[in-house]
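The values are calculated or read from the model by the stated rules, or taken from the named source; none is laboratory data. Source: prediction; values computed, not measured. Don't worry about glycine lacking a Cβ; one is built from the backbone with ideal geometry, like all the others, and counts go over all protein chains shown. The accessibility values were calculated without ligands, DNA or RNA, using every heavy atom of the protein model including side chains. Shrake-Rupley method; radii C 1.70, N 1.55, O 1.52, S 1.80 Å.
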Amino acid sequence: MTKRPRNVVVLGSTGSIGTQTLDVVERLQAAGVPLRIVGLAAGSNVELLERQIERVEPDVVSVASEAHAERLTARFPSLRVLSGDGGPTNLAAEDDVDVVVNALVGAVGLMPTLAGVSRGRIVALANKESLVVGGGLVRDALKTGGGRLIPIDSEHSAVLQCLEAGRRKDVRRLLLTASGGPFRDTDPSVLGHVTPQDALRHPTWAMGARITIDSATMVNKAFEVIEAHYLFGVSYDEVDVVLHPASIVHSLVEYRDGSILAQLATHDMRIPIQYALTYPDRLATDLPRLDFTSPLAFEFRPLDPARYPAFATMMSAARVGGSAPAALNAADEALVRRFLRGEIPFLGIARGLAVILERWHAEMGSDGDDASDLGELLAADRWARRMAQDLALV
Ligand SMILES: NC(=O)c1ccc[n+]([C@@H]2O[C@H](COP(=O)([O-])OP(=O)(O)OC[C@H]3O[C@@H](n4cnc5c(N)ncnc54)[C@H](OP(=O)(O)O)[C@@H]3O)[C@@H](O)[C@H]2O)c1
């Protein structure tokens, strides 16, 4: 009997990671790797989704609005089309899916991750918010459902690879690298006046808008610490962040004898995406490689907490636990959107997060373990989102 190809669904196919995932899958298929994309989920970019449907020929797609769903059904009569908030989750739960690539942005990614791992699937995870918002729930679902999370984030892909080279009991700490974002060398006195265009100019990576702004505030790096905590079962004290402007060393693992292992590559997300799709195999690529015939910058600097106040706020929320990380993620989503619309200044994001964490302590605060109640997490998300939308921040 011939083995059927591995069936993949790509959630967030129209985004930065989603489009690169389609590129990687096509390259792997051309190399004879038996993969088939059976489902695509997008938000509102229906024009790009239509082009992807023609290219990939999936069995089922999902879009956010009913109007877009009707347009797709009219154009592709034999295609199954889902719509609404539950679309990506239903795709992740479809029969015969082997791998769910979760490249959605924001808290909306949590339910599809839970649907995938609780059905025993491999979830190739770019959506770090799944673990920031509901890390405890995902951990429980992994235990009962038997699924597996493979990171797509370059830092966590690097850590995974460095961990495979040693023994877990010998690990002293994980070191996540951070480019420092577009303002790592900017005079802090002008940060009050930087524009969305300035903040969207990431020095090394081309990514979606929210993660690019989160890289400028370093909220993204705090999210990655939380992600590492859940993915690798380490405490927050065992994860450190170090600035590495060149983004060549994607992260490091320090072992107890003082040896440090690092993973290096060009900053091209297609490398960790491919590794997540073929793990534990490591297949050939024709992607750009590091060139050691010219000088390479291996500079590392400590993170300056004064420059990135939002990092400390987000890490306090992580350490407090409960519904605090879910609340602050929702607040950050709303504050970043307001900054991009020109409604609040760049520093308003960090100020808003600090105020909302204080109010969370006053109004919602139950210190403690990971929240294991989805209802509590969703309520905290709504509460914080509303507050972030209304907060006066000048
Ligand atoms: N970009 C990177 O290099 C990178 C690296 C590491 C980790 N990540 C993580 O990967 C995730 C995706 O990042 P990205 O940069 O690819 O973001 P992005 O370019 O903004 O793409 C987000 C995707 O999610 C879809 N989407 C958004 N809201 C949706 C909803 N309510 N329902 C259905 N689909 C929805 C968007 O659809 P439409 O565009 O059609 O509306 C788009 O396809 C984030 O968690 C990010 O932190 C990204």
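What residue, of V63, V56, V8, V33, is near the ligand (Cβ under 9 Å from one of its atoms) and farther than 17 Å from G208 by Cα? Step through it out loud before you land on a result.
On the way: V56 fails: near the ligand (Cβ under 9 Å from one of its atoms); V8 fails: near the ligand (Cβ under 9 Å from one of its atoms); V33 fails: near the ligand (Cβ under 9 Å from one of its atoms).
None of the others qualify; the one that does is V63.
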*Is it fair to say G180 is away from the ligand (no atom under 15 Å from the Cβ) and either open to solvent by less than 30 Å² (accessible area, probe 1.4 Å) or not hydrophobic (A, V, I, L, M, F, W, C) (or both)?*
yes
*away from the ligand (no atom under 13 Å from the Cβ) and surrounded by fewer than 20 Cβ atoms within 10 Å (Cβ to Cβ), is that true of L48?*
no
*asked:* Which numbered condition in (1) within 16 Å of the ligand (Cβ to nearest atom); (2) open to solvent by less than 20 Å² (accessible area, probe 1.4 Å); (3) among the aliphatic types (A, V, I, L, M) is the only one that A141 fails?
replied: (1)
*Of the residues that sit in the stretch 275-306 and are open to solvent by less than 50 Å² (accessible area, probe 1.4 Å) and in a loop (DSSP other than H, G, I, E, B), which one is farthest from V24 (Cα to Cα)?*
L303
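Filter the stretch 253-274 down to the residues that are more than 14 Å from S157 (Cβ to Cβ) and in a loop (DSSP other than H, G, I, E, B) and list them by number.
R256, D257, G258, S259
Restricting attention to the stretch 338-376, and to residues there that are open to solvent by less than 30 Å² (accessible area, probe 1.4 Å), modelled with pLDDT of 95 or more and among the aliphatic types (A, V, I, L, M), which single residue is farthest from G192 (Cα to Cα)? I'd like the intermediate steps shown before the answer.
The first filter runs over the stretch 338-376 and keeps only residues open to solvent by less than 30 Å² (accessible area, probe 1.4 Å), leaving 338-339, 344, 346, 348-350, 352-353, 356-357, 360, 371.
Narrowing further to those that are modelled with pLDDT of 95 or more: 338-339, 344, 346, 348-350, 352-353, 356-357, 360.
In the following step, the residues that additionally are among the aliphatic types (A, V, I, L, M) were identified as 344, 349-350, 353, 356-357.
Details: I344: 10, I349: 11, A350: 11, L353: 16, I356: 20, L357: 21 Å.
Among those residues, the one meeting the criterion is L357.
Run down L231, L191, L243 and say which single residue is more than 20 Å from S16 (Cα to Cα) and under 17 Å from the mean Cα position of the chain (by Cα).
Values: L191 fails: under 17 Å from the mean Cα position of the chain (by Cα); L243 fails: under 17 Å from the mean Cα position of the chain (by Cα).
Answer to the selection: L231.
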*Would you point out which residue out of S78, S62, S130, S118 is surrounded by fewer than 23 Cβ atoms within 10 Å (Cβ to Cβ), at pLDDT 95 or above and touching a Gly at 6+ places or on another chain (Cβ under 6 Å)?*
S118
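In this structure, is S13 among the polar types (S, T, N, Q), part of a loop (DSSP other than H, G, I, E, B), assigned by TED's automatic domain parsing to the domain that holds D96 and over 23 Å from G109 (Cβ atoms)?
On the way: among the polar types (S, T, N, Q): yes; part of a loop (DSSP other than H, G, I, E, B): yes; assigned by TED's automatic domain parsing to the domain that holds D96: yes; over 23 Å from G109 (Cβ atoms): no.
So S13 does not fit the description; no.
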*Would you point out the residue of the stretch 194-216, among those that are in a helix (DSSP H, G or I) and more than 13 Å from the ligand (Cβ to nearest atom), that is most open to solvent (accessible area, probe 1.4 Å)?*
Q197
